[in-house]
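First comes the structure, then the notes that go with it.
Coordinate-derived values only; no laboratory data. Since we're looking at a predicted model, the values are computed, not measured. Cβ coordinates were reconstructed from backbone atoms using ideal geometry, including for glycine residues, and neighbour counts include every protein chain displayed.
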Amino acid sequence: MSGSAATDRAASRQSSGTQDKIPVFQPYLGEEVQRAVQDALGAGWLGMGRLTRDFEIGIARFLSLPADRHLVATNSCTEALHLAAVIAGLGPGDEVICPSFTYVAGHQAMSMTGAEVVFCDVEQDTLGIDPASVAELVGPRTRAIMAVHYAGLPPRGLDAVYDLATQSGLRVIEDAAHAFGSRLPNDGMVGSGGDLTCFSFGPVKVITSLEGGAVITPREEDVQTLHELRLIGVDSDTDARYNNSRTWEYDVVRQGYRCHLGTIPAAIGLAQLALVDEFIANRRGYCRHYDAALADLPQVRTFHADWSNVSPFIYVIRVPSGDDRARLQQHLAELGIATGIHFQGAHEFSYYKTCRRGPLDVTERVSAEVLTLPLHSYMTESSLDRVVGGVRSFFGS
Ligand SMILES: *Cc1c(COP(=O)(O)O)cnc(C)c1O
């Protein structure tokens, strides 16, 4: 990729004046992406097809998946998580232990199977799953644990969660929606090891296919099952569709769902995947810039992350004191700077408030403190300066 193409992409994202609003997310939809859509539309095959297969192969290659890990693309991470839950055998009467502090897509994907969600806490440094909190909740009906790579950071307790799962005979489902391209310490990319792992290629994620996701399984025999689950229970149409064709003789062998990934989303995903190294490098740079520029503010906590192993999806600060977060959010909004909140605890939602749970002290504290600042794959120095200046001016410095 030439340096000037990269500069052009950055320039095409350049904000023209200081009055522009800065969104929290801004997917890259430049020339390469537009061209990929045009070409795919021109080929006249819209459903799951050759490009879906190419996207699966491309992702597996990017993640350096070993031969014993198998990847199946879906139309969302929610559905990838749902299929992972089905593969893990979750159903009515089972429990799955999940952090309350994550996006409700994960909880919905689990409870879709009829299993009950049980809420555990997160640990305070990476806001990832707290293994001690999980250990206290494991019971006779527990079948799986869902761990989340919050903000792309590897959860500090992940190894301990796997140890616990091995001891107790539980499956682990990793929601890696935030961690496409993150590395585990002394290990490969997230997804290249472990149990069931799911990614999102939704509209705002590090790479997008508009809507999309993928599930990785360590068991070869799951692949056929996943193909059937993905395609309304049909046993033998996947290979034909991978060749932009159809089979008219097939059996329906199980209850399935309609969650395969179409050609146009795959084309967009492939165009984004070709740029992912640049996206990640840029995002790391912006996170480091924010870290350095906010380091001396006593009212703000950052993650002190070593971004070199992280594919940053969101840049989150914590504002520990009282109602400062709401007022800071308002102050930034008045300056045209959008912010987000990842996440509020799911145990407070109407649908989940009767779920079994352990103490959620960290969840309750941090969900009142976290604030997501704008992070895009292409940001200008002036928009970074505006965000930093907005935060600093709120605290009078
Ligand atoms: C975005 C997200 C999901 C859902 O991804 P979709 O592709 O939109 O279904 C799940 N979990 C987390 C933590 C997410 O951020």
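The table below lists the values:
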item: The range 252-392: Cα Rg divided by the 2.2 N^0.38 Å rule of thumb; result: 1.31
item: The chain: relative contact order in percent, alpha carbon pairs under 8 Å with at least 6 residues between; result: 24 percent
item: Cα lying deepest toward the dipole's positive end in the chain, options S168, P374, A266, charges on Cβ; result: P374
item: Cα gyration tensor shape for the range 56-166, rounded if a/c is under 1.5, else prolate or oblate; result: oblate
item: Relative contact order of the range 190-295, pairs being alpha-carbon contacts under 8 Å that are 6 or more residues apart, as %; result: 24 percent
item: The chain - charge dipole about Cα centre, Lys and Arg +1 at Cβ, Asp and Glu -1, debye rounded to 20; result: 620 debye
item: Hz values of 3J(HN,Hα) by residue in the range 178-185 - Karplus curve (6.51, -1.76, 1.60), Gly and Pro given as x; result: 9, 10, 6, x, 6, 10, 7, x
item: For the chain, share of DSSP beta bridges that run antiparallel, in % to the nearest 5; result: 50 percent
item: Karplus-derived HN-Hα couplings along the range 77-88 (A = 6.51, B = -1.76, C = 1.60, θ = phi - 60°), whole Hz, x at Gly and Pro; result: 6, 4, 5, 4, 5, 4, 5, 4, 5, 5, 4, 6
item: Calculated from backbone phi, Karplus (6.51, -1.76, 1.60) coupling profile of the range 152-160 in Hz, x at Gly/Pro; result: x, 7, x, x, 4, x, 4, 4, 5
item: Taking the convex hull of Cα positions in the range 214-332, its mean projected area over all directions (nm²); result: 12.2 nm²
item: Global form of the range 289-366, assessed from the alpha-carbon gyration tensor, a/c cut-off 1.5; result: prolate
item: For the range 178-233: relative contact order, % (alpha-carbon pairs under 8 angstrom, 6 or more apart); result: 25 percent
item: Three-way shape call for the range 142-270 based on the alpha-carbon gyration tensor, with the a/c threshold at 1.5; result: oblate
item: Relative packing of peptides 100-107, 292-299 - highest average C-beta neighbours within 10 Å first; result: 100-107, 292-299
item: Fraction in percent of alpha-carbon pairs per bin - 20 Å, the chain; result: 28, 57, 16, 0
item: Amide H within-cut-off set for L196, under 5 Å, with H built and near neighbours excluded; result: V172, E174
